[in-house]
Amino acid sequence: MSVRRVDHVMGLPISVDLRDGDAALAERAFAWLREADARFSPFKPGSEVSRLDRGELTGEELSPDLVEVLSLCDWYEQSTGGAFTARLPGRGLDPCAVVKGWAVQRAADVLREGGATSFCVNAGGDVVTAGEPEPGKPWRVGVRHPDLADRLSVVLGVRDGAVATSALYERGQHILDGRTGQPVTGLISVTVFSDDLAIADTTATAAFALGREGIGWAAAQEGCEVFIVDEDRRVHSSPGLPVHIC
Amino acid sequence: MKRAIPVLALSVAGLVPVWLYSPASGHEGEISEVAAPEAQQQTAPRSTQAAPKSTGAAPKTTQPRQQQTTQQQTTQQQAQNRSVSGPAVNTSEGTVQVQVVFQGTKIVDVKALRAPNSNPTRTALPLLRESALKAQSADIDTVSGATATSEGYKQSLQAALDGAR
């Protein structure tokens with residue numbers, strides 16, 4: 001039995017394409033995502049993140065989940081010399097860049113624990129897959145062309161894996177370099193393949209924040225393969241990237 | 001296969017701005033340098049390469065290029081090809097209409113039915129374009145790319161794949 005469902009959670013359109021599970025299992029994944037949003041959104045005054053930021057919670061009172069998220073934030077902040085940060089100067093704690101990939105990976109784990117072996121979850125362009133959509137075929141994950149919304153720049157063939165893309169598609173958008181507080185330049189699209197979406201998504205965001213030096217940094221991350229388009233429309237692709245040969 | 005249809009239809013319209021991209025001649029040296037690692041992945045027929053390359057030439061009418069492409073296809077796989085014409089699109093560079101040639105579900109060539117007299121001077125390395133041209137021929141299950149807003153989602157390929165529009 002298969003289910004396709006699209007819902008908006010965490011301000012993102014989230015698509016679940018479940019090939020061997022029922023609507024109740026899909027709902028469990030969405031229920032987790034709504035819970036993650038309620039607990040970790042910096043935009044909800046009652047969330048754990050907002051309460052921590054206001055000093056209403058001590059380190060000992062944090063949930064293990066938030067401790068995990070914050071430790072991921074800290075690891076990437078240190079690894080990027082502060083280019084990636086959950087605490088931009090003059091702003092409150094904002095772990096969204098980690099929470100999104102982490103929560104969607106956990107939603108995929110919910111599907112797996114519920115017995116599903118073949119599914120694809122796409123959360124605002126960040127993808128987790130399991131198994132195969134058809135015997136012998138990988139999930140074919142198109143990567144959006146950075147300039148043209150209805151075109152692709154590459155197609156990846158993925159079985160149990162994750163693909164995340166961080167990009168600037170529209171004018172006026174910007175990602176800030178935590179070291180300078182200034183908008184980042186150098187790259188226009190960073191796609192990372194990994195076996196875990198928390199890793200893929202955070203690596204993509206952090207590489208973007210590093211600008212051109214993020215190309216080498218991301219390619220060197222353990223278990224990560226990259227497809228990066230720089231401002232000159234030059235493509236930087238790591239040799240282990242699972243490009244789907246059409 | 002059903003999902004290929006919206007993707008293919010969108011691809012035809014989407015190729016109009018690609019046609020407008022034109023590599024500056026000064027970048028020819030860089031092109032071969034960066035294109036080299038891609039060589040083992042080039043499965044597309046030779047005629048695919050003809051389209052992006054010839055757009056880099058000096059401004060000229062499109063007629064000679066079409067004849068050249070037609071000759072190649074006649075000797076290669078004319079019987080299996082079919083062509084889909086996109087709408088005429090008014091752009092800042094003039095009216096553009098492209099025709100896409102499919103071999104099965106693969107895009108093997110892009111022709112300009114109507115094109116402005118001169119090529120735009122925007123700089124674009126063709127590697128992204130070549131990679132992109134190959135990627136259009138894939139039947140896909142999902143799309144990776146920042147789709148943060150509901151408005152952006154409604155207009156996205158992912159929404160077409162979800163059957164949500």
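Annotation: residue A:111 fulfils all but one of (1) outside any helix (DSSP H, G or I); (2) under 13 Å from residue A:18 (Cβ atoms); (3) of a type outside the set (Asp, Glu); the unmet one is (1).
A single entry from A:60, A:77 fulfils the requirement of being touching a Phe, Trp or Tyr at 6+ places or on another chain (Cβ under 6 Å) and surrounded by fewer than 20 Cβ atoms within 10 Å (Cβ to Cβ): A:77.
Within segment A:55-85, can you find the residues that are farther than 21 Å from residue A:201 by Cα and polar (S, T, N, Q)?
We begin by selecting, within segment A:55-85, every residue farther than 21 Å from residue A:201 by Cα; these are A:55-63.
Within segment A:55-85, A:58, A:63 meet the criteria.
Of the residues making up segment A:122-138, those that are charged (D, E, K, R) and free of Cβ contacts under 8 Å to residues at least 24 places away in the same chain are A:134, A:137. Test residue A:71 against the stated conditions and say whether it is closer than 30 Å to residue A:18 by Cβ and small (Gly, Ala, Ser). No; evaluated as a whole, the condition is false for this residue.
For segment A:20-38, the condition of being within 14 Å of chain B (Cβ to nearest Cβ) and either over 20 Å from residue A:94 (Cβ atoms) or surrounded by fewer than 18 Cβ atoms within 10 Å (Cβ to Cβ) (or both) holds for at least one residue. The set of residues in segment A:124-139 that are surrounded by 19 or more Cβ atoms within 10 Å (Cβ to Cβ) and either more than 12 Å from chain B (Cβ to nearest Cβ) or within 14 Å of residue A:33 (Cβ to Cβ) (or both) comprises A:124, A:126, A:128, A:130. Residue count for segment A:17-54 under the criterion of being assigned to a helix (DSSP H, G or I) and under 17 Å from residue A:69 (Cβ atoms): the result is 15.
Yes/no matrix, rows are residues, columns are (1) touching a residue at least 24 places away in the same chain (Cβ under 8 Å); (2) within 13 Å of another protein chain (Cβ to nearest Cβ); (3) open to solvent by 50 Å² or more (accessible area, probe 1.4 Å):
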residue	(1), (2), (3)
A:201	yes, yes, no
A:205	yes, yes, no
A:209	yes, no, no
A:214	yes, no, no
A:222	no, no, yes
A:230	yes, yes, no
A:237	yes, yes, yes
A:241	yes, yes, no
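Determine whether segment A:181-198 contains at least one residue that is on the phi > 0 side of the Ramachandran plot and surrounded by fewer than 19 Cβ atoms within 10 Å (Cβ to Cβ). Yes, because at least one residue in segment A:181-198 is on the phi > 0 side of the Ramachandran plot and surrounded by fewer than 19 Cβ atoms within 10 Å (Cβ to Cβ).
A count restricted to segment A:28-41 and to residues that are closer than 12 Å to residue A:108 by Cα and in contact with a strand residue (DSSP E or B) (Cβ under 8 Å, 6 or more places away or on another chain) stands at 3. Filtered by the rule that a residue be over 12 Å from the mean Cα position of the chain (by Cα), open to solvent by 30 Å² or more (accessible area, probe 1.4 Å), among the small types (Gly, Ala, Ser) and on the phi < 0 side of the Ramachandran plot, segment A:87-123 gives A:92, A:114. Within segment A:140-165, the set of residues being closer than 18 Å to residue A:17 by Cα, at the interface with chain B (Cβ under 7 Å from one of its Cβ atoms) and open to solvent by 10 Å² or more (accessible area, probe 1.4 Å) comprises A:140 only.
Test of understanding: among A:180, A:129, A:117, which residue is part of a loop (DSSP other than H, G, I, E, B) and over 24 Å from residue A:74 (Cα atoms)? Write out each step before concluding.
Details: A:180 fails: over 24 Å from residue A:74 (Cα atoms); A:129 fails: part of a loop (DSSP other than H, G, I, E, B).
Sole residue among the options that is part of a loop (DSSP other than H, G, I, E, B) and over 24 Å from residue A:74 (Cα atoms): A:117.
The values are calculated or read from the model by the stated rules, or taken from the named source; none is laboratory data. These numbers come from a predicted model, not from an experiment. Every residue, glycine among them, receives a Cβ derived from its backbone with ideal geometry; neighbour counts consider all protein chains shown. Areas reflect the complete protein model, heavy atoms only, side chains present, ligands, DNA and RNA absent. Shrake-Rupley method; radii C 1.70, N 1.55, O 1.52, S 1.80 Å.
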